[in-house]
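This report refers to the structure that appears directly beneath it.
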Amino acid sequence: NDTFVECVPLIACTGDNLCAEGYEGFACSSCVPGSHYRNVFSRQCEACPAASTLYLILYIVGVILVLLLMFRFYKNGPSMATISIGVDYFQVIAIFASLDLSWPSSVETAMEVASVSLANVEVTSPDCSVALSYREKWLVTQSLPFLSLSCMLIIHTVVWTKKLIVGKKHRMRHLPTLVGCYMITLYYLFLYVMQKSLEVFRCVRKGDREVLQADPAVVCSGSSYDQLVRWAWMSIIGYGLGIPLLFATVVLVNRKGIVEDQLMRMQGYTPMRGDPHYEMQKRYRKLYMKYRPQCYYWVMVILLRKFAVVLLSVVIRGKAMFQAAVTVIVLFVLYTLHVRFQPYLPPRDSPLEPMPGSEGQINANRKAVALTVRNVKSARYVSHGVLHLPKEERHMNPLDPSEQRP
């Protein structure tokens, strides 16, 4: 009896038991190594670009430069709030590429560009430069947080050695900045790592077998796949629960210092060494500095939104349109919360809106702001001494807007 097997994808077969150009293997489900790679958006095998190795090298160099720039501008650099919001937006857009829908070519191109915000190495077609199986590429993705930590340790060693050579006494003052950079790195890697972890459970039936939707050459059965599933569960527990718990612990334990720091910023004061909570804000300021004091926890809402979007792609399988509709509903609900709470701080040149609440509550909030400013300002005098302050600040009234620093 003849046995018929469905090709994955259907265009991989030309008939007469022959695979189309660029395809090989059982059911023509694999791409020809060295000459073709699997496009993660169309899930079809495409010809390798001429400069694929150069693209991969530029990607690695770009990642290293981003980490160095993050460390360089973490403390005194320009505000990255707008860029951070844009990166969060593009990351969610890129997740829609995992839906099994026939996207127009222009939309696929837009998603491919957006996936750069996920640090997605697939955009460089690495299969054309390095012969790696899906399992090996998956393991590299899961090791990204540890690779980032290694880069931070290298930066720490270089900076510490430089301070030792020039004879500086305080050789460890850069550590809080490195910790803050690593926290931000985890924040941006969270969505991509979770997407790849949950991707292992996204199987589709093709003929008489189930294959991985991301790579039809991987069969969803056998000891190799079972081991991949165990690793995926470890990643979900370690990253999916560990990173949000880490952020929640940091934000909740330091909530008092975070609120005071944000209230000071709203009054136009820049933190200085020796101020209360200075070391705390140096480590974690990028997690909360773009939010209002009342919404100091909003980074957790952003992580929840990212995790919900990725989780829906696994929970709802086989119904791409329904999956897309539910995802849009979840995003709409979270957008409604955003409009309700208005978590982001207004631009510095915009007038501050009054805090929400009744008239009595508003007056209480104003008194709390004034008291915080006075207390923190007094602590700065005690910590630094009057002689260490600029002359124009020595007799400044922190409650008088006309005397505040520009």
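The values are calculated or read from the model by the stated rules, or taken from the named source; none is laboratory data. Since this is a predicted model, take the numbers as computed values, not measurements. Note that each Cβ is placed from the backbone with ideal geometry, even for glycine, and that neighbours are counted across all protein chains shown. Remember, those area values only see protein heavy atoms, side chains included, never the ligands or the DNA or RNA. Shrake-Rupley method; radii C 1.70, N 1.55, O 1.52, S 1.80 Å.
Can you name the residue in the range 1-17 that is modelled with pLDDT of 80 or more and under 43 Å from the mean Cα position of the chain (by Cα) and, of all such residues, is surrounded by the most Cβ atoms within 10 Å (Cβ to Cβ)?
Taking the candidates together, the pick is 12.
Limited to the range 188-197, what total is found for residues that are open to solvent by 10 Å² or more (accessible area, probe 1.4 Å) and either outside any helix (DSSP H, G or I) or of a type outside the set (S, T, N, Q) (or both)?
Total meeting the criteria: 3.
Quick one: would you say residue 185 is assigned to a helix (DSSP H, G or I), of a type in the set (Val, Ile, Thr) and open to solvent by 50 Å² or more (accessible area, probe 1.4 Å)?
Answer is no for this residue.
Before we move on, is residue 112 under 27 Å from residue 331 (Cα atoms), surrounded by 18 or more Cβ atoms within 10 Å (Cβ to Cβ) and either in contact (Cβ under 8 Å) with a residue 12 or more places away in the chain or touching a Ser or Thr at 6+ places or on another chain (Cβ under 7 Å) (or both)?
yes
Looking at 258, 237 in this structure, which one is farther than 30 Å from residue 10 by Cβ, open to solvent by 30 Å² or more (accessible area, probe 1.4 Å) and either without any contact (Cβ under 8 Å) to a residue 40 or more places away in the chain or part of a loop (DSSP other than H, G, I, E, B) (or both)?
The unique qualifying residue is 237.
Sort out which residues of the range 122-181 are in contact with a helix residue (DSSP H, G or I) (Cβ under 9 Å, 6 or more places away or on another chain), outside any helix (DSSP H, G or I) and closer than 24 Å to residue 56 by Cβ, and write them in order of number.
125, 129, 130, 132
Going by what's in this entry, would residue 41 be described as in a helix (DSSP H, G or I), among the aromatic types (Phe, Trp, Tyr) and out of contact with any strand residue (DSSP E or B) (no Cβ under 8 Å at 6 or more places or on another chain)?
Working: in a helix (DSSP H, G or I): no; among the aromatic types (Phe, Trp, Tyr): yes; out of contact with any strand residue (DSSP E or B) (no Cβ under 8 Å at 6 or more places or on another chain): yes.
For residue 41, the condition - in a helix (DSSP H, G or I), among the aromatic types (Phe, Trp, Tyr) and out of contact with any strand residue (DSSP E or B) (no Cβ under 8 Å at 6 or more places or on another chain) - is not met.
Among the listed residues 263, 228, 252, which satisfies the condition of being on the phi < 0 side of the Ramachandran plot, open to solvent by 40 Å² or more (accessible area, probe 1.4 Å) and either not acidic (Asp, Glu) or not in a loop (DSSP other than H, G, I, E, B) (or both)?
252
Within the range 266-289, work out how many residues are closer than 13 Å to residue 184 by Cα, outside any helix (DSSP H, G or I) and charged (D, E, K, R).
0
Within the set of pairs 6+ apart or on separate chains, which have a first residue in the range 338-349 that is under 17 Å from residue 86 (Cα atoms), a second that is modelled with pLDDT of 85 or more and hydroxyl-bearing (Ser, Thr, Tyr), and C-beta atoms under 6 Å apart?
Going by the 6 Å Cβ cut-off, the qualifying pairs are 343/291.
Output the residue which, of all residues in the range 284-311 that are surrounded by fewer than 20 Cβ atoms within 10 Å (Cβ to Cβ) and over 17 Å from the mean Cα position of the chain (by Cα), is nearest to residue 93 (Cα to Cα).
My answer is 295.
Please work out if residue 141 is closer than 20 Å to residue 307 by Cα, buried (at least 16 other Cβ atoms within 10 Å of the Cβ) and of a type outside the set (Gly, Ala, Ser).
Working: closer than 20 Å to residue 307 by Cα: yes; buried (at least 16 other Cβ atoms within 10 Å of the Cβ): yes; of a type outside the set (Gly, Ala, Ser): yes.
The answer is yes for residue 141.
For the range 124-133, state whether one or more residues are in contact (Cβ under 8 Å) with a residue 24 or more places away in the chain and either over 24 Å from residue 50 (Cβ atoms) or among the acidic types (Asp, Glu) (or both).
Yes, some residue in the range 124-133 is in contact (Cβ under 8 Å) with a residue 24 or more places away in the chain and either over 24 Å from residue 50 (Cβ atoms) or among the acidic types (Asp, Glu) (or both).
For residue 246, state whether it is within 25 Å of the chain's Cα centre (by Cα), closer than 25 Å to residue 84 by Cβ and free of Cβ contacts under 8 Å to residues at least 60 places away in the same chain.
No: the conditions fail for residue 246.
Please give the number of the condition residue 57 fails out of (1) over 16 Å from residue 129 (Cβ atoms); (2) free of Cβ contacts under 8 Å to residues at least 60 places away in the same chain.
That leaves (1) as the condition not met.
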